[in-house]
Amino acid sequence: MEQVHLNIDGKDILTTSDRTILEAARENGIRIPSLCNEQRMEPYGACRICLVEVEGARGLLPACYTTVTDGMVVHTATEELIRIRRTILELILSDHPKDCMTCESTGSCELQDLAYEYGVKDARFRGEEHHYEVLADNPLIERDYDKCILCGRCIRICREVQGVGVYDFVNRGFDSVPGIPYDKPMMESPCEFCGQCVSTCPTGAITSIPSKGKGRSWQVEKVRTTCAYCGCGCQLDLHVREGEIVEVSSPLMVGPGQGNLCVKGRYGYSFVQHEDRLTTPLVRKGGDLVPAAWEEALGMVANHIREAMDDEGPDSVAFLSSARCTNEENYLLMKLARAVVGTNNVDHCARL
Amino acid sequence: MSTGGKNKLVLGYGTCGIAAGATAVKDALENELATGKYDAYLDIAGCMGFCFREPIVEVTDPDGRSVIYGDLSPKRVSRLLEAVAGGEVIEDWVVRRSDEPGAGEGDFLANQHRIVLRNCGNINPESIEEYISTGGYEAARKALTSMTPEELIDEVGKSGIRGRGGAGFPTGTKWGFARKAKGEQKYLVCNADEGDPGAFMDRSVLEGDPHAVIEGMIVAGYAIGATQAYIYCRAEYPLALKRLDIAIAACHEWGYLGQGIFGTDWDFDIKIKKGAGAFVCGEETALIASIEGKRGMPRPRPPFPANEGLWGKPTNINNVETLAAIPWIIANGGDRYASVGTEKSKGTKVFCLAGKVRRSGLAEVPMGYTLRQVIFDVGGGVREGKEFKAVQMGGPSGGCLPASLLDTLVDYDAITATGAIMGSGGMIVADSSTCMVDLARYFLSFTQEESCGKCVPCRIGTKRMLEILARICSGEGEPEDLERLDILAGDIKAGSLCALGGTAPNPVLTTLKYFRNEYEDHILRKKCTAGVCPALITLHIQEDICTGCGACAKICPVEAISGEKKEPHAIDADTCIRCKLCLSRCPEEAIYAE
Amino acid sequence: MTNSIDDLEKAGCILVIGSNTTEGHPIIGLRIKQAVMQNECKLIVAEPRHIRLCYYADQWLQQRPGSDVALLNGMMNVILAEGLADEEFIRERTEGFEEFKKVVEEYAPERASEICGVEADEIRRAARTFAGAERAAIVYAMGITQHTTGVDNVLSLANLAMLTGNLGMEGTGVNPLRGQNNVQGACDMGGLPNVFTGYQAVADAKTRDKFETAWGVDYLSGNPGLTLMEMMDGAHAGDIKVLYIMGENPVISDPDVEHLKEALERVDFLVVQDIFLTETARYADVVLPAVSFAEKEGTFTNTDRRVQRVRKAVEPPGEARDDLWIIAQVSSRLGYDMGDTPAPRIMEEIASLTPSYGGISYARLEEEGELRWPCPSADHPGTPILHVGKITRGKGLFSPVEYRPPAELPDEEYPLVMTTGRLLAHYHTGTMTRRVKALDELVPRNQVWVNPGDAEKLGVGNGQEVALQSRRGSIRLEAKVTDKVGEGVVFVPFHFGESPANALTNPALDPVAKIPEFKVAAVRILTGESMAGINYSTSVT
């Protein structure tokens, strides 16, 4: 890979020849807006929001798609570029619902943010608007194509990253829209319900049903943690609103998953606050498990261990630690078995 | 040309001829000839260019004199054969005669310079032997056996030929890019996805001289280092596809395609990929996606196909017309080709004359002709002696030029300077009965419908422009609409992903530039001066001319016309739906639109 | 894993064997798919079932369950016979090659084919693809280990990697996918009967000295303890008086459930510490309500040895308490004061006693996000790939491995082979996922997958209720007729308490690793009236 010198908006930048203008700019603190670009996918060049002027080039170039070359001089915010971005945003808004009040994505909507930034109101180019049926044909993913801006991110993440290809565009031109072959419901498609399409949709066109109405991006606190399912160790952001987990996302380009999640990682969180959770110690009395105080339960446990140790020796006590628990918990239980009780009878279900 | 001591009849059997009834004529001729009464035989050829006189038969006598007859029908076949047998010429039917260049439509051909169309209409396109008899495949043999790829690229560079698909990029330079691109596997693609309304150059070449294209591909493949080629041809061209199939099969038999062609160790083969008729698939990257089995949508360039094309490999894409010129250039030398044309536009260009021009058909003229020469000297001017109003150059991506620009040269840069483009060669002539707003609306509706939907400016922008035009045509235009059109057109041109969107506003921009008064008439005065836009016209019957025959009243679908027999009739404007049926029906031409 | 998840994409060939990766480890499955789609990596899938990865594979070797050694020996026979082995690697970095070679030479592809059911030419092609790649990685999971020949299977994979020099570089390696979020960590932390943290043997006196000093105790036992299966047998026999289970649900996850339930009933005192009243907790004498992953601080160690943080996001319900607190409370009541037990302090203690975790601290994790052990010191960056330049034990040891059939083969009475596994939408014993409404709606019930040929013979229709029976138990469930399983093989997921697959599985163990043979059991399908009068296992009480 070669080193490349270029100049973006008057700033001299040193980068490598595999970088796009967009990447080189962002890595150097220059923000070029974009809608159809996302790090997990190949560049696409469709939204035209990231167009920049490259001196000597024929026409404007999409920053997301154009790789840097030595000596390149780039302008990202000329009067013409800003005018075109405004026109594009106006055009998108001319076929987009104005229901930001109730839209699930308000606050995390990339279109809304850009419209705000560029001060665009939908006024000049009114015309025909699409009115599609909202599709909620499965328990997890809702599709409202009125809000689709045809960035193709859902299609591309499903095909390029997930390797499944549930969606593609159907129809042409103004009537293009993502669809599932033969308009089948998602449950009958090869969909794996990973929600990757939800994670990348820049607007409210594809949203998670379980999170509906549960919190805006500014109302939630995100807590970074590690997924509790399989051994991949994907990094999660738990979105917490007033003590409730309302959604799960994964930070982009971080950890083993690089921002990708599976159906369990993304949607398998509600057990945490399920009504079946144990809320009090239980002890067996008269054949039944009945609620008890911690003091009583812990006392019983200690007494029975002590009794067995005294009567039959430490090896009459056995501990199963857990592949579900933390390192610290496993360590401590192991210590309890070995140091306190004095037995090596400690194992877990590694083999199962 | 030797006819073997017999009269040779050649029937124009391209799609234009077939559409005009050539198959019935062919059947009739075959039946008559089967009787054995006539000392003549029948062959077929592709389009001879005289589409306006199809069905056409060229008669060549044993001495080599030829007469081309037009407007044939099965009924006229026996008369024709009798004349042929008697050595007689039927003057009324003559389109052209070799011994009298001024007769018929003789100047149509006389004013052309045929390189690409050198064989079209002259040979049987289904016979490789006929192609070879004209010197066919000698250029490919010469290229493969005595020239290096670099020499070939130089030769093509010297010719100055530029891509005839419309963009006009120098072909030699393009080949050089593909040659230099790193990669073991490279591809050549022939772009036969001709889609402009009113354009049929490529179809006519493929139907009339498929081997010229294949020979050009063999040379191109060798020059860039591609062993596999594709012809991307739309499925709506069944005859072209059939003749390509026949030609490719013949090439395999003759050792011109396949392994070790022309006795060298060079392998080269061609596959045909049928397109499903999406206009955007004429765009190189969309075409590649389509061949790969994906939805035909363009991607930004760079990277250019020369570096990352079909299946990610270096790929060179040339248009049919470009490739058909290549064998001539190799055979005759780049210098000779470059001796024709202007400083920056060399050689010839094939145009499809259509619309209100008198001779609609296929014409190849040297670069540097004026539009006036093409339309008037070759095309014979406007039909029915009406006044020339405009010519639409380059199809929906091009522009409308007014009479004041008729002396513009056929030259890439000169035409681009007017706001139109050379394009692939469509030339649609408009007269005073054409509404320029309606014409712009028509072309925009075409591109809007053909937009792939990928980028915002094209997908939504052209839609909004079209809505504005529709509004103007229906009399609901606002003065601000002209500004809106200007803004949208500019931003769509600058912001679109591919040339489809990038050129879609051209018809609107050029009509706004050259015919702004018509827009203003529609918007401010609510008038369509050409009498085209239904919402803006009223139909009237001139009392002094009307004879009261009642024909108009009979044909009116909404009973808007009334009047006593033999008395002048009148049209009720409130009931009238402005279908204009009456206008075309009136024997006295007493009805007019205003 | 010897290698990292990230470097799978550098492999020119990946052999996935005994792993339904896209369902069991979806994100690793995703990385494998990306390697195939974006890097033209050749994928070989060896698996009795047609799994999703087969769609991306260059080759699907549809082997018979339990035939891995024969298949791998057959591939290695081809590699040797065709001179595709990495002789330099073998010479420089391994030992025991000659004895190994003698055994493998007996497994011509034709012979291997008879055992494993994969055509000889397919075995040849796979061998050439694997050996021909500049970098080839092996990925496996429980389909390799849960056999009475589990250790043999793993040794065979190690043989294959060494034979082709595929160790110690990016895009290579022998990569077991650990099934659960922290199974790696639980092992690392000494949750095993024979080792302390970091695999320091309890039998080693010096190690015991170190821990005795650190923990302030006089004596630590040097006798390895009981494995899980042995504990259950001990409980069954009355030798184990108190069983303390933290966060496990053996009633669903363990083989031969009926035997296990008896053991839990017989043990004098059963303590279960969990977040739900699991199928296992229902047998307890005391149930201690613990906290979920979202309610505590800690670390998990994933399958590629990455130590990452777990953080508290919400408050636990009711009186549920942090597991660390609970353990410390029990300890102090037994007379040992563990002191304060915040997770960062525990990690300090772990690091001080565990060389491979020596450089891991919460401060660094906060800063760096993740650390891969071995990370012996505070300035050590962690180790993405093991065995670089030199195999950890010195020289890699080739093991001569002969094929042994599974412990239970189909016969007239039980003519089908049952194999078990996971589904994408559910997890392990279903304790969590079956309580997530949407996930349970995606896959609400258990199904036995039956080949259409077998279904026709048995008169079983798609969606029909059938009984599945082994020598150990019976369950009722729906039949799914699909050609994704071969003839003679049925597949049952084990997530479902109402029809627990492990009521049927064979508790026969691998002699070394003591892993039960979940992947092969002889079963039969009953339909209609013959289903009546049978005592069906179900854990829903």
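The values are calculated or read from the model by the stated rules, or taken from the named source; none is laboratory data. Only a predicted model underlies this, so the values are computations on that prediction, with no experimental measurement involved. As a convention, Cβ positions derive from the backbone with ideal geometry for all residues, glycine included, and neighbour counts pool all protein chains shown. For accessibility, only protein heavy atoms count, side chains too; no ligands or nucleic acids. Shrake-Rupley method; radii C 1.70, N 1.55, O 1.52, S 1.80 Å.
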Q | Those residues of region C:251-291 which are in a helix (DSSP H, G or I), more than 7 Å from chain A (Cβ to nearest Cβ) and open to solvent by less than 10 Å² (accessible area, probe 1.4 Å), in sequence order | A | C:Val251, C:Ile252, C:Val257, C:Leu260, C:Ala263, C:Leu264, C:Ala281
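Condition (residue is closer than 29 Å to C:Asp188 by Cβ and more than 7 Å from chain C (Cβ to nearest Cβ)) applied to region A:330-338: is it met by at least one residue?
Yes - at least one qualifying residue is present in region A:330-338.
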Q: For residues that are hydroxyl-bearing (Ser, Thr, Tyr) and under 22 Å from A:Ser17 (Cβ atoms), scanning just region A:68-79, find the one that is least open to solvent (accessible area, probe 1.4 Å).
A: A:Thr76
Q.
Can you find, within region C:428-457, the residue that is surrounded by the most Cβ atoms within 10 Å (Cβ to Cβ) among those that are more than 26 Å from the chain's Cα centre (by Cα) and within 14 Å of chain A (Cβ to nearest Cβ)?
A. C:Ala438
Q) Considering region B:537-594 alone, what residues qualify as being more than 22 Å from B:Ser432 (Cβ to Cβ) and among the small types (Gly, Ala, Ser)? A) B:Gly548, B:Gly550, B:Ala551, B:Ala553, B:Ala560, B:Ser562, B:Gly563, B:Ala570, B:Ala573
**Q.** Selection from region B:495-529 of residues that are surrounded by 21 or more Cβ atoms within 10 Å (Cβ to Cβ), within 14 Å of chain A (Cβ to nearest Cβ) and in a helix (DSSP H, G or I)
**A.** B:Gly495, B:Leu500, B:Gly501, B:Thr503
Q) Scanning for something within 7 Å of chain A (Cβ to nearest Cβ), touching a residue at least 40 places away in the same chain (Cβ under 8 Å) and open to solvent by 10 Å² or more (accessible area, probe 1.4 Å), does region C:185-198 turn up at least one residue? A) no
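Out of the residues in region B:204-253 that are among the acidic types (Asp, Glu) and at pLDDT 95 or above, state the one that is most open to solvent (accessible area, probe 1.4 Å). Steps first, please.
Here is the first cut: in region B:204-253, the residues among the acidic types (Asp, Glu) are B:207, B:209, B:215, B:236, B:245, B:253.
Applying the additional criterion that residues be at pLDDT 95 or above yields B:207, B:209, B:215, B:245, B:253.
Numbers: B:Glu207: 2, B:Asp209: 1, B:Glu215: 3, B:Asp245: 92, B:Glu253: 154 Å².
Among residues in region B:204-253 that are among the acidic types (Asp, Glu) and at pLDDT 95 or above, the one most open to solvent (accessible area, probe 1.4 Å) is B:Glu253.
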Q: Look through A:Ile88, A:Ile49, A:Ile82 and report the one residue that is surrounded by 23 or more Cβ atoms within 10 Å (Cβ to Cβ), assigned to a helix (DSSP H, G or I) and of a type in the set (A, V, I, L, M).
A: A:Ile88
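May I ask you to say which residue of A:Tyr65, A:Tyr167, A:Tyr145, A:Tyr132 is open to solvent by 30 Å² or more (accessible area, probe 1.4 Å), touching a residue at least 12 places away in the same chain (Cβ under 8 Å), of a type in the set (Ser, Thr, Tyr) and within 14 Å of chain B (Cβ to nearest Cβ)? Walk me through how you get there before you give the answer.
Working: A:Tyr167 fails: open to solvent by 30 Å² or more (accessible area, probe 1.4 Å); A:Tyr145 fails: open to solvent by 30 Å² or more (accessible area, probe 1.4 Å); A:Tyr132 fails: within 14 Å of chain B (Cβ to nearest Cβ).
On inspection, the qualifying residue turns out to be A:Tyr65.
Can you pull out the strands (runs of 3 or more DSSP E) entirely within region C:452-520 that have at least 3 residues that are outside the structural domain of C:Glu230 (by TED's automatic domain parsing) and of a type in the set (A, V, I, L, M)?
Working: elements: C:465-469, C:474-481, C:489-493, C:506-509.
Of the strands (runs of 3 or more DSSP E) lying wholly inside region C:452-520, those with at least 3 residues that are outside the structural domain of C:Glu230 (by TED's automatic domain parsing) and of a type in the set (A, V, I, L, M) span C:465-469, C:474-481, C:489-493.
Do the conditions hold for A:Pro202, that is, is it in contact (Cβ under 8 Å) with a residue 24 or more places away in the chain, farther than 30 Å from C:Gly298 by Cβ, open to solvent by less than 20 Å² (accessible area, probe 1.4 Å) and more than 10 Å from every other protein chain (Cβ to nearest Cβ)? Show your work before the answer.
Numbers: in contact (Cβ under 8 Å) with a residue 24 or more places away in the chain: yes; farther than 30 Å from C:Gly298 by Cβ: yes; open to solvent by less than 20 Å² (accessible area, probe 1.4 Å): yes; more than 10 Å from every other protein chain (Cβ to nearest Cβ): yes.
Judged against the criteria, A:Pro202 is a match.
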Q) Can you pull out the residues in region B:135-156 that are on the phi < 0 side of the Ramachandran plot, in a loop (DSSP other than H, G, I, E, B) and crowded, with 17+ Cβ neighbours inside 10 Å? A) B:Gly136, B:Met147
Q. In region A:118-129, which residues are over 15 Å from B:Ile460 (Cα atoms), in contact with a Leu (Cβ under 9 Å, 6 or more places away or on another chain) and open to solvent by 20 Å² or more (accessible area, probe 1.4 Å)?
A. A:Tyr118, A:Lys121
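Name the strands (runs of 3 or more DSSP E) wholly within region A:263-352 that hold at least 2 residues that are surrounded by fewer than 24 Cβ atoms within 10 Å (Cβ to Cβ) and not hydrophobic (A, V, I, L, M, F, W, C)? Show your work before the answer.
On the way: elements: A:282-285, A:288-291, A:317-320.
Answer list for region A:263-352: A:282-285, A:288-291.
What residue, of A:Cys325, A:Cys230, A:Cys234, A:Cys262, is at the interface with chain C (Cβ under 7 Å from one of its Cβ atoms) and closer than 26 Å to C:Asn223 by Cα? Don't jump to the end; show me each part of the working.
Details: A:Cys230 fails: closer than 26 Å to C:Asn223 by Cα; A:Cys234 fails: closer than 26 Å to C:Asn223 by Cα; A:Cys262 fails: closer than 26 Å to C:Asn223 by Cα.
Of the residues listed, the single one that is at the interface with chain C (Cβ under 7 Å from one of its Cβ atoms) and closer than 26 Å to C:Asn223 by Cα is A:Cys325.
Would you check if C:Val460 is open to solvent by 10 Å² or more (accessible area, probe 1.4 Å), in contact with a Ser or Thr (Cβ under 8 Å, 6 or more places away or on another chain) and in contact (Cβ under 8 Å) with a residue 12 or more places away in the chain? Quick ask: steps written out before the conclusion?
Details: open to solvent by 10 Å² or more (accessible area, probe 1.4 Å): yes; in contact with a Ser or Thr (Cβ under 8 Å, 6 or more places away or on another chain): yes; in contact (Cβ under 8 Å) with a residue 12 or more places away in the chain: yes.
Judged against the criteria, C:Val460 is a match.
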Q. Among the helices (runs of 4 or more DSSP H) confined wholly to region B:244-348, which include 1 or more residues that are without any contact (Cβ under 8 Å) to a residue 24 or more places away in the chain and under 30 Å from A:Gly152 (Cα atoms)?
A. B:284-291
**Q.** Output for region C:293-307, where each listed residue is crowded, with 24+ Cβ neighbours inside 10 Å, out of contact with any Leu (no Cβ under 6 Å at 6 or more places or on another chain) and not in a helix (DSSP H, G or I)
**A.** C:Lys296, C:Gly298, C:Thr299, C:Phe300, C:Thr301, C:Asn302, C:Asp304, C:Arg305, C:Arg306
Q. Of all residues in region B:100-134, how many are of a type in the set (Asp, Glu), assigned to a loop (DSSP other than H, G, I, E, B) and farther than 28 Å from B:Met367 by Cα?
A. 1
Q | Selection status of C:Glu465, out of contact with any Phe, Trp or Tyr (no Cβ under 8 Å at 6 or more places or on another chain), open to solvent by 40 Å² or more (accessible area, probe 1.4 Å) and within 14 Å of another protein chain (Cβ to nearest Cβ) | A | no
Q | Verdict on C:Gln329 being free of Cβ contacts under 8 Å to residues at least 12 places away in the same chain, not in a loop (DSSP other than H, G, I, E, B) and not hydrophobic (A, V, I, L, M, F, W, C) | A | yes
Q: Mind listing just one residue for me: the one in region B:435-475 that is free of Cβ contacts under 8 Å to residues at least 40 places away in the same chain, more than 11 Å from every other protein chain (Cβ to nearest Cβ) and open to solvent by 10 Å² or more (accessible area, probe 1.4 Å) and, of those, nearest to A:Thr87 (Cα to Cα)?
A: B:Arg441
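For the subset of region C:521-540 comprising residues that are part of a loop (DSSP other than H, G, I, E, B) and touching a residue at least 12 places away in the same chain (Cβ under 8 Å), which member is nearest to C:Gly461 (Cα to Cα)?
Among those residues, the one meeting the criterion is C:Thr527.
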**Q.** Sole exception among (1) assigned to a helix (DSSP H, G or I); (2) closer than 26 Å to A:Gln235 by Cβ; (3) open to solvent by 10 Å² or more (accessible area, probe 1.4 Å) for C:Arg178, by number
**A.** (1)
Q) Of the residues that sit in region C:1-39 and are in contact (Cβ under 8 Å) with a residue 24 or more places away in the chain and in contact with a Phe, Trp or Tyr (Cβ under 7 Å, 6 or more places away or on another chain), which one is nearest to C:Thr301 (Cα to Cα)? A) C:Ser19
